[in-house]
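K.L.:
Encoded as structure tokens, here's the structure I'll be asking about.
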Amino acid sequence: MMRWLHWRLPKPRRKGPLFLKEVIPIVEDVGIDEAFLDISSIGRASDEIAREIKRRIKEGTDLNCSIGIAPNKLLSKIASDLEKPDGLIIITEEDIEKRIWPLPARKLRGVGPKTEAYLKEMGVKTIGELAALPLERLVEEFGQSYGNYLYEASRGIDESQLVTHWEPKSISRETTFQRDIDNWQLIAKNLVELIQGVVGSMKEENYRGRTVTVKVRFNDFKTYTRAKSLDEFTDSEPEIRRAAFDCLGRFELKKKVRLIGVRISNLEKEGNEDRD
DNA sequence: TCTGGGGTCCTAGGACCC
DNA sequence: TCTGGGGTCCTAGGACCC
């Protein structure tokens, strides 16, 4: 039987996850103030484990934290959210109907403002009401992938595993101007600086990339992207700059610009291909 | 939250190839 | 010459998360 623990500090703290690693070495960090732990193999009662973690965090940081323990990650996170900032909630399979189903659908990870509004139009407010919908209906409304996800999540089903290491898929920088601008020179100057930032990160982490994307948000908050894929992976600033300005040139800069950003994706870790 | 920054994943259409 | 299907890559946009 799987047993997961999710904990969250009341305020973002750099040291949060690091500190917890002393208690349980294998954790999945989610941002800087929360983490998942797989406590399935710890032969102690859930509340005992939770209290011990809370005690140690209190001693180490003088902060309270909220903890949720449940059969999977999805539920443990919802549980820790139920009682903030100093909660301890334990949820079992049997509690799903009583404790999860009355909650707003928005509490499910992956359900944001748009989906929440759409569900309301369908007459669905709670997770339980979502769980009452047949799979076919959900797939029809939301597509295969998301429809299936909602079907399972609303039933408290989540088989995702602990993720302790992942490679970035993209590296980006963006900046919002203090005032909306239409000065092309200034936009270009900012783009160059952002590219320098991205290339700096790439070199630091030893990545090269193939696809350069430039993002522009106008003063009406409409956001557009233009992308260019190169033939070869690169971390060369001039090459990336050429691609980025090619993208920039494909925008109609008729409205004032609020934000400009650059992203490089299609990443490859340098040295991975010419080993052996 | 009249809206910051850095990410992920999904969808959909078009190009191109076999 | 025309038709057709499938696979893959590229591009653009959108929703969502912390």
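K.L.:
Semi-axes of the equivalent ellipsoid of the stretch A:114-243: what are they in whole Å, largest first, if each equals the square root of 5 times a C-alpha gyration tensor eigenvalue?
P.N.:
Gyration-tensor ellipsoid for the stretch A:114-243: 40, 22, 13 Å.
K.L.:
Next question, about the same structure. So how many Å³ per residue does the convex hull of the Cα atoms of the stretch A:39-159 work out to?
P.N.:
113 Å³
K.L.:
Amide H to amide H under 5 Å from A:Gly87: which residues, 5+ apart in sequence or cross-chain, H placed 1.01 Å off N in plane?
P.N.:
Residues meeting the amide H criterion: A:Ser66, A:Ile67.
K.L.:
Could you order the peptides A:143-155, A:64-76 from most to least packed, using the average number of other C-beta atoms within 10 Å per residue?
P.N.:
With the highest mean Cβ count within 10 Å placed first, the list reads A:64-76, A:143-155.
K.L.:
So what is the orientation-averaged projected area of chain A, using the convex hull of its C-alpha atoms, in nm²?
P.N.:
19.4 nm²
K.L.:
Magnitude of the Cβ-charge dipole of the stretch A:103-226, K/R +1 and D/E -1, about the Cα centre, nearest 20 debye?
P.N.:
380 debye
K.L.:
Taking just the C-alpha trace of the stretch A:40-98, give me its Rg and Dmax in Å.
P.N.:
Answer for the stretch A:40-98, Rg first and Dmax second: 11.7, 37 Å.
K.L.:
Apply the Karplus parameterisation 6.51 cos²θ - 1.76 cosθ + 1.60, with θ equal to phi minus 60°, to every residue of the stretch A:212-229 and state each ³J(HN,Hα) to the nearest whole Hz, in sequence, with x for glycine and proline.
P.N.:
10, 10, 10, 10, 10, 10, 8, 5, 8, 6, 6, 10, 10, 10, 9, 10, 9, 9
K.L.:
Right, here's the next one. In the stretch A:93-148, if the dipole is taken from +1 on Lys/Arg beta carbons and -1 on Asp/Glu beta carbons about the Cα centre, which of A:Tyr146, A:Ala132, A:Leu103 is farthest to the positive end?
P.N.:
About the Cα centre, the residue reaching furthest to the positive side is A:Leu103.
K.L.:
Moving on. Plugging the Kirkwood radius over Cα pairs into Stokes-Einstein for the stretch A:178-276, at a temperature of 4 °C and a viscosity of 1.567 mPa s, what D comes out in µm²/s?
P.N.:
In µm²/s, the coefficient is 92.
K.L.:
Please compute the Kirkwood hydrodynamic radius over the stretch A:136-193, one decimal place, Å, based on all pairs of different Cα atoms.
P.N.:
Its Kirkwood hydrodynamic radius stands at 16.2 Å.
K.L.:
Also: How many nm separate the modelled label positions at A:Thr175 and A:Glu232, each set 7 Å beyond the Cα in the direction of the Cβ?
P.N.:
The modelled label-to-label distance comes out at 3.0 nm.
K.L.:
Along the positive direction of the dipole of the stretch A:63-135 (beta-carbon charges: Lys, Arg +1; Asp, Glu -1; about the Cα centre), which of A:Asn64, A:Ala117, A:Ile89 reaches farthest?
P.N.:
Final value for the positive-end residue is A:Ala117.
K.L.:
If amide H atoms are built 1.01 Å from N in the plane of the peptide, which residues on other chains or at least 5 residues away come under 5 Å of the amide H of A:Leu230?
P.N.:
Here A:Thr211, A:Val212 satisfy the definition.
Taken together, the values in this text are just the output of simple stated rules run on the coordinates, not laboratory data. Just so we're clear, the structure is a prediction, and the values are computed from it rather than from any experiment. Glycine gets a Cβ as well: all are built from the backbone with ideal geometry, and neighbour counts include every protein chain shown.
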